[in-house]
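First up is the structure itself, then whatever we jot down about it.
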Amino acid sequence: MRITEARILMPLTDNEGKSLSHVHDAMRADLLASFGGFTESDTRGWWRDTSTGTDYKEPSIAFDIAAQWDSEKSERLMELAAWYCRAAKQLCVYVRNGKGAVSYVAPKAARELAKSA
């Protein structure tokens, strides 16, 4: 099985402008525990709210994870993205899985996470 790279993008602040450094610290610990390592880089994204036409510029952190992606690791990646989306109070987060497919992952309620654990 070959090694490929997945990515999770997390904003630097929540939608009220509050720092998410505590969320990033927890994400780092979980990525290390789950995958053994990652690369982090600063990035910026732009997106348009189609309901209002407002454009947003969002400074973010990219977490890149290189691994041999089996179903267990892929599921863990999506669980982390959903959990941290909720912790960061986001509508969704950008995730590129180990096969290169991109999705916008919505927050997962605590009871849903408990069922999948």
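Which FRET efficiency value, to the nearest 0.05, do you get for R48 and H22 by plugging their Cβ-Cβ distance into 1/(1 + (r/R0)^6) with R0 = 35 Å? Show your work: numbers first, answer last.
Numbers: r = 29 Å, r/R0 = 0.82.
Computed FRET efficiency for R48 and H22 comes out at 0.75.
Please identify, among A26, A66, A88, the residue showing maximal mean-square fluctuation in a Gaussian network model of the chain using a 10 angstrom Cα cutoff.
Maximum among the listed residues: A26.
Sorted from fewest to most neighbouring beta carbons within 10 Å, what does the list E16, E5 look like?
On the way: E16 6, E5 15.
The most exposed by this proxy come first: E16, E5.
Just to be sure I understand the model, the point goes 7 Å from the Cα along the line to the Cβ. What's the resulting L32 to K57 distance in nm?
Inter-label distance under the simple model: 3.3 nm.
Which trypsin sites (Lys or Arg not before Pro) in the range 24-95 pass both tests, a DSSP loop state and at most 15 other beta-carbon atoms within 10 Å?
Values: sites: R28, R44, R48, K57, K73, R76, R86, K89; in loops: K89.
Those satisfying the criteria are K89.
Could you tell me how many cubic angstrom of Cα convex hull volume the range 4-116 has per residue?
Numbers: hull volume 12.3 nm³, N = 113.
With only Cα atoms used, the range 4-116 gives 109 Å³ per residue.
Tell me, in nm to one decimal, what length is gained between E40 and C92 on full extension, where the rule is 0.36 nm per residue of separation less the Cα-Cα distance? Don't skip to the answer; put the middle values down first.
Values: separation 52, 0.36 × 52 = 18.72 nm, distance 1.94 nm.
That pair, E40 and C92, stretches by 16.8 nm at full extension.
Which residue fluctuates most in the GNM of the chain (Cα springs below 10 Å): A33, A106, A81?
A33
We did not get these values from a lab; they are worked out from the coordinates using the rules stated. All values derive from a computational prediction rather than experimental measurement. Quick reminder, even Gly has a Cβ in these numbers, built from the backbone with ideal geometry, and neighbours come from all protein chains shown.
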